[in-house]
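The values are calculated or read from the model by the stated rules, or taken from the named source; none is laboratory data. Given the structure is predicted, the values throughout are model-derived calculations rather than measurements. So basically every Cβ, Gly included, is an ideal-geometry build from the backbone, and we count neighbours across all protein chains shown.
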Amino acid sequence: MPNAVPLSWYLALSAVLFTLGVGGFLFRRNIITMFMSIELMLNAVNLTFVAFSYRLRQIDGQVFTFFVMVVAAAEAAVGLAIILIVFKNRATLQVDDLRTMKD
Amino acid sequence: MQHLWLIPALPLLGFLINGLAGRRLPKAVIHTVAVGTVALAFVWVLKTVIALQPLATPHVERYFDWIRVGDLRIGFDLAADRLTAVMLLVVTGVGLLIHIYSIGYMAHEGGYYRFFAYLNLFMFFMLTLVLAANFLLMFVGWEGVGLCSYLLIGFWFLKKSATNAANKAFIVNRIGDFGFTLALFLLYLNFKSLDFGTVFGGLAGWQTDTGMGTLTIIGLLLLVGATGKSAQIPLYVWLPDAMEGPTPVSALIHAATMVTAGVYMIARSAPLFLKAPIAMDWVAGIGLATAFFAATIGMVQTDIKRVFAYSTVSQLGYMFLGVGTGAFGAGIFHLVTHAFFKALLFLGAGSVIHALSGEQDMRRMGGLWKKTPVTFAVMLAATVAIAGIPPFSGFWSKDEILLSAWQRSPVLFWIGVLTAAMTSFYVFRAIFLVFFGTYRGEAHAHESPPVMTLPLVVLAVLSLGGGAFQVSKWLAPMFPEHAPPENPLLLAVSISAAFGGALVAWALYWWRPALPDMIAARLKWLYRAAFRKYWVDEIYGATVVRPLVGTSREVLWRGIDVEVIDGAVNGIGRRALGIGSLLRLAQSGYIRSYAAWVLLGAVSLLIALGVLGGVR
C-alpha cells in the first residue's frame, strides 16, 4: 500500500475526536450539546473500527460500524423524544436543573 | 360384608345436610334429618348385630388404605366384635333418645341447626371411635369427639364462662392425648403395626411385664390418654365445667358416651393391660381415688348439674376400678347401666331446669313432685338405679365391680363401698332438695312436653331393668376368665351401704332439714374444702397455668418473638436503611458528575489493568 496514510494517524484523530466528545459531555450543560458529544464519541470509535478493518483486511470492523450506527440512530430517536418531553414540561434544557430524582 | 361403614356415615350425612343447608331449613326438617339419620344408624346397628350373631370372632371390614408409608400400612378398617356391639347399641340407642329429647329442649334456642349438626357430627366420630379396627383410626374418632365436645360446651359462645369451659375441656384433653399419641408411637415401634389384631396377636411373644418395661409404659401412657377423656384424676377438672353446655349435651357427651371412651379404650386394650399388671394397678388405683374424691365433692354441691357432673366423674372411677381389677366385662356393664341412669339424671335435671326457666340451684327448688310428676318419677327411677338399690340396673354392675375389687384387695372393696354409700347419699339428697319440701323459688313450674318426657320414660325403663342385660356374661369370651366367687356377705354390705346413704339423705333433708347446716357448721373446714372442690382448680392455676402463661408471655412472646425474631427482621430492614443513607451521599443528582465518575472509573480500570499486566 504505497503512499497510504499510516494507521497511527487515524488512531490519533479518533482519540482526539473521542476526547472532544468526553470533554463536551462533561463540560457543556445544554442537553442537545451533550447529546451531540455522545454522537461524536460513537463516531470516533467507528473511525477506529474502520481504520483497523482496512489495515487488517478484515470485514468485521466495518460490520461493527453498521451496528454502532443503527444503535446510534435508535438512541437519537429515543433521546430526542425524551429531550422534547423534558423541554415541554420544564421549559429548560439545562441539565443541572433536572435533578428531581435526588430529592 | 355388613356395610359397617353405614353406621357412622348416616350421622355424617345428617351433619352435612344440617351443617351446610341448615340455616335455610325449617326446624321441622332440621330435627327430622338429625333424628332420622341417628335412628337409621340405630336400626342398622341392630340389623348388623343380629346378622353377625353369635359374633364369637371379630368381624373386620377393610375399605381402603388410609396411610401407606414404607412398611407402615394403616387402613380405613372397621371391625365389630361383642365389645363393639355393646358400645354401638349404647351410643346409637341412648344417642337417639337424647336427640329426640333435644327437639323439645332446644325448641326455643337460637342456632337450632348448628346444635343438631354438631350432635350428628359427634355421633359420627363416636361411632368411628368404637368401630375402628386400629389404634390410629380410633384416635381420629377420639380427637373428633373432643372437637364436638368443645363445640357443644361452647354452644352459647356469647357467654364468657361457656367459651372458657370449652377451652378448658379442649386443652386438658390435649394433655391426655399427648400420652395417647406417645403410646401409639411405642406400639408401632414394638409391633410394627397399629392394627388391633396384629398388636394383640403379637403380644403372645411377650413376657408378662412385672417391672417398668415397655408394656407397662405403653399401658401407663394409654392410661394418661384415658384419664383425659374420661375425666379421672388428675385431668378430671374439665368435666364439671363442661356443664356450661346445653343439658342434652351434658347427658350425651359428658355422661353417657364420650367420657366412657377411656374405659372402652382400656377394655379394648385388655390383652396389653393383662400383660402389664402394674399399669392395671394404676388404672384401678386412679379409678378408685377418683370415685371417692369426686363423690365427696358431689355431696356438698348446690348446682344440680354439678352434682351429677361429679357423680359422673365418680362413676367413671368405678368403671376404671372394674377394668383395673381385671373385671373388664363388669366395667363395660357399668358403662352401659351408667349410660342409662346418668343420661336420665341429666335429662331429668334438664327437664327440671326447663320447667323452672333456667334455675339450676337446688336451694331454690323443692316440692316439685306435684308440678312435674313425670320428671319426678323418672328421676326417682334413675336415683334408685345409680344408688345401687336392688334389683335395679346400677346394683348389678356395681356389685360385680365391688366383688372384683374384693378379690384384688379388701381395701379397694371397703373404699368402694364407702363411695357407693356416698353416691346413694348425694343422689337422694338431690331428689329430696328438688322434689320434696316446700318450693323455694319464684319461677312458675310446668311439666315438659311429651317429646321430652317420652325419652325419659324409655330411659327410666332401661335404668330400672337394665340389669337384665347380661353384658358381662356376653362379653366373657372376649376377656380371660374372671369370675369372683359370689359372696352373700359382701352383697349384704353393699346393699346396706346403698340403703344407708339413702337413709342419711332422708334424715338430713327430710326428717331434720336443719341438720345439714349444723353439720356443715361443725365440720366447717372439711365442708368448705369439699364445697370449694379442694381448691384443685386454684392449685392447677397456680402451679401449671400461671407459670405457663407467664413463661409464654415474658419469655416466648416478649423475649423470643419480639426481641429475637421480630428484632432480626426489623434489624435487617434498619441496617439496609442505614447503609442506604450512607450511599445516598454519593448521589448528587448532576448527570455530568455521574459521567465524570464513569470516566474516572474507566480510566482507573485501564490503569489497573495496565499495572497488573492485563493489557499487552
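Would you check if there is a residue in the range B:293-304 being under 20 Å from the mean Cα position of the chain (by Cα), closer than 24 Å to B:Val91 by Cα and buried (at least 24 other Cβ atoms within 10 Å of the Cβ)? No, there is no match, as no residue in the range B:293-304 is under 20 Å from the mean Cα position of the chain (by Cα), closer than 24 Å to B:Val91 by Cα and buried (at least 24 other Cβ atoms within 10 Å of the Cβ). Test B:Ala595 against the stated conditions and say whether it is more than 15 Å from A:Arg99 (Cβ to Cβ) and surrounded by 10 or more Cβ atoms within 10 Å (Cβ to Cβ). No: the conditions fail for B:Ala595.
In the range B:572-590, the residues that are within 14 Å of chain A (Cβ to nearest Cβ) and aromatic (Phe, Trp, Tyr) reach residues that are outside any helix (DSSP H, G or I) and surrounded by 10 or more Cβ atoms within 10 Å (Cβ to Cβ) with C-beta atoms within less than 8 angstrom, at least six apart or across chains, in these pairs: B:Tyr590/A:Arg99.
Of all residues being among the polar types (S, T, N, Q) and surrounded by 15 or more Cβ atoms within 10 Å (Cβ to Cβ) in the range A:36-61, which is farthest from A:Pro6 (Cα to Cα)? Just the residue, please. Once the filter is applied, the top-ranked residue is A:Ser37. Do we have A:Gly79 as within 14 Å of another protein chain (Cβ to nearest Cβ) and either of a type outside the set (A, V, I, L, M, F, W, C) or surrounded by fewer than 16 Cβ atoms within 10 Å (Cβ to Cβ) (or both) here? Yes: the conditions hold for A:Gly79.
With the condition kept exactly as written, say whether any residue in the range A:23-46 is more than 14 Å from chain B (Cβ to nearest Cβ) and on the phi > 0 side of the Ramachandran plot. No, because not a single residue in the range A:23-46 is more than 14 Å from chain B (Cβ to nearest Cβ) and on the phi > 0 side of the Ramachandran plot.
Filter the range B:216-233 down to the residues that are assigned to a loop (DSSP other than H, G, I, E, B) and modelled with pLDDT of 90 or more and list them by number. The answer is B:Ser230, B:Ala231, B:Gln232.
For B:Phe435, are the conditions met, namely being over 25 Å from the mean Cα position of the chain (by Cα) and either of a type in the set (Lys, Arg) or closer than 24 Å to B:Met106 by Cα (or both)? Criteria met by B:Phe435. Entry remark, the range B:56-88: residues being in a strand (DSSP E or B), closer than 30 Å to B:Thr337 by Cβ and not charged (D, E, K, R) number 5 in total. The numbered conditions (1) out of contact with any Leu (no Cβ under 9 Å at 6 or more places or on another chain); (2) in a helix (DSSP H, G or I) are all true for B:Ala39 except (1).
Could you identify the single residue in A:Phe52, A:Phe87 that is of a type in the set (Phe, Trp, Tyr), in contact (Cβ under 8 Å) with a residue 12 or more places away in the chain and either within 14 Å of chain B (Cβ to nearest Cβ) or assigned to a helix (DSSP H, G or I) (or both)? Unique residue meeting the criteria: A:Phe52.
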